[in-house]
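Enquirer: Quick one: this structure, given as C-alpha cells, is what I'll be asking you about.
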Amino acid sequence: MAIEPDNPDASEKLAESTDIDHDDNRDEVDEAIGDVDEADEDESQPAGRLSRWRNRATGRRLSHVGQALVASGVIVATLTGLAGWLGYRAYEKHEAQAQRDLFVQVARQGAVNLTSINYTEVDADVQRILDTATGAFRDDFEQRSKPFIEVVKAAQSKSEGTVTDAGLESQRGDSAQVLVAVAVKSRTAGGEEAPREWRMRIEVQSVGDEPKVSSVVFVP
C-alpha cells in the first residue's frame with residue numbers, strides 16, 4: 001500500500017527546491033570550469049609569449065654572432081693582406097738600398113784599383129783592374145795595358161789611392177753613376193811627389209749578378 005504524503009503542497013515545494021538546487025549546482029560547476037579554462041588560457045598566453053620572445057632573442061643572438069664572425073674574418077683577411085703588402089714593400093726598399101750600396105762599393109774599389117799601382121806588382125795590379133771592368137772601358141784599358149806597364153816599371157812608380165768621399169749620382173735600372181773623390185800619394189825613382197786629389201765619375205753596370213766598372217771619367 002502506497003504512502004501518500006500528508007501535505008501535497010509540501011511535496012511539490014520539496015521537488016521544486018530540489019530542482020532549483022540541482023540547477024544552481026550545475027551552474028556553479030559550469031562557472032567554475034569556465035574560470036579554470038580562463039585561468040589556464042591566461043597562464044598559457046604569457047608562457048607562449050615568453051617562448052616566442054626567447055626564440056626571437058636566441059635568433060637575434062645567433063644572427064649577431066654570425067655577423068661578428070664575418071666581420072672578424074674580414075678584418076683578419078684585411079690585416080693579413082696589409083701586412084703582406086707592407087712586408088713586400090719593405091723587402092723591395094731593402095733590396096733597392098742594397099743595390100745602391102753595392103754600386104757605390106764597386107765604384108770605390110774601382111777607384112782604389114786605378115790609383116794603387118806598384119811597379120813591382122804592376123802585372124797583378126793591371127789584371128785586377130781588368131777583372132773588375134766591363135764593356136768599352138775594359139776593352140780600351142786592355143789595349144793600353146802593355147804600354148802602361150812598361151812606363152810604370154821604367155819610372156819605378158808606386159802610388160796609393162784612398163777614397164775620401166763617394167756618393168751615388170744617378171741610377172738607371174742595373175747601372176749607376178757614382179762620384180768618387182780620391183787622395184793619391186805617389187813616388188818614383190826620383191823621389192816622392194806631392195799628394196793629389198782626383199775626382200772621378202765612375203759608371204757601374206751589373207753583369208749577371210756582379211756589378212763592374214764600365215766607364216771612368218776624371219772630373220774637375
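Enquirer: Considering Val204, Val182, Val178, Val213, which residue is β-branched (Val, Ile, Thr), assigned to a strand (DSSP E or B) and more than 14 Å from Leu102 (Cβ to Cβ)? Steps first, please.
Expert: Numbers: Val204 fails: more than 14 Å from Leu102 (Cβ to Cβ); Val178 fails: more than 14 Å from Leu102 (Cβ to Cβ); Val213 fails: more than 14 Å from Leu102 (Cβ to Cβ).
Checking each option against the conditions leaves just Val182.
Enquirer: So which residues in segment 176-199 are surrounded by 16 or more Cβ atoms within 10 Å (Cβ to Cβ) and farther than 14 Å from Leu114 by Cβ, if there are any at all?
Expert: The answer is Ala176, Gln177, Leu179, Lys185.
Enquirer: Another question, if that's okay. Let me spell it out: the conditions are (1) surrounded by fewer than 18 Cβ atoms within 10 Å (Cβ to Cβ); (2) under 24 Å from Gly190 (Cα atoms); (3) not polar (S, T, N, Q), and Tyr119 meets all of them except one. Which number is the exception?
Expert: Tallying (1) surrounded by fewer than 18 Cβ atoms within 10 Å (Cβ to Cβ); (2) under 24 Å from Gly190 (Cα atoms); (3) not polar (S, T, N, Q), Tyr119 fails exactly one: (1).
Enquirer: Same structure again: If you check every pair at least six apart or on different chains, which have Cβ atoms under 7 Å apart with a residue in segment 98-115 that is surrounded by fewer than 22 Cβ atoms within 10 Å (Cβ to Cβ) first and a residue that is in a helix (DSSP H, G or I) and not hydrophobic (A, V, I, L, M, F, W, C) second?
Expert: Close Cβ pairs (under 7 Å, with a partner that is in a helix (DSSP H, G or I) and not hydrophobic (A, V, I, L, M, F, W, C)) amount to Asn113/Arg128.
Enquirer: Mind checking whether some residue in segment 125-143 is more than 52 Å from the chain's Cα centre (by Cα) and either outside any helix (DSSP H, G or I) or under 30 Å from Ala96 (Cβ atoms) (or both)?
Expert: So far as segment 125-143 goes, no, none of its residues is more than 52 Å from the chain's Cα centre (by Cα) and either outside any helix (DSSP H, G or I) or under 30 Å from Ala96 (Cβ atoms) (or both).
Enquirer: Now a separate question. Could you please find all residues in segment 144-162 being surrounded by fewer than 16 Cβ atoms within 10 Å (Cβ to Cβ), among the aliphatic types (A, V, I, L, M) and either under 10 Å from Val122 (Cβ atoms) or under 57 Å from the mean Cα position of the chain (by Cα) (or both)?
Expert: Val151
Enquirer: Among the residues of segment 112-122, are any in a strand (DSSP E or B), more than 38 Å from the chain's Cα centre (by Cα), of a type outside the set (D, E, K, R) and over 24 Å from Arg172 (Cβ atoms)?
Expert: Among the residues of segment 112-122, at least one is in a strand (DSSP E or B), more than 38 Å from the chain's Cα centre (by Cα), of a type outside the set (D, E, K, R) and over 24 Å from Arg172 (Cβ atoms), which makes the answer yes.
Enquirer: Which ones in segment 122-151 are touching a residue at least 12 places away in the same chain (Cβ under 8 Å) and farther than 13 Å from Lys212 by Cβ?
Expert: Val122, Asp123, Asp125, Val126, Glu142, Ser145, Phe148, Ile149
Enquirer: Within segment 124-160, track down each residue that is under 19 Å from Glu203 (Cβ atoms) and either touching a Cys at 6+ places or on another chain (Cβ under 7 Å) or of a type in the set (Val, Ile, Thr) (or both).
Expert: The answer is Ile129, Thr132, Thr134.
Enquirer: So, one more: Can you say whether Ser170 is over 18 Å from Ile202 (Cβ atoms), among the polar types (S, T, N, Q) and assigned to a strand (DSSP E or B), as far as the supplied structure shows?
Expert: When the stated conditions are applied, Ser170 does not pass them.
None of the figures in this text is laboratory data; all of them are computed from the coordinates on show. Everything numeric in this text was worked out from a predicted model, so none of it was measured. Positions of Cβ are generated from backbone atoms using ideal geometry, with glycine treated the same way; all protein chains shown enter the neighbour counts.
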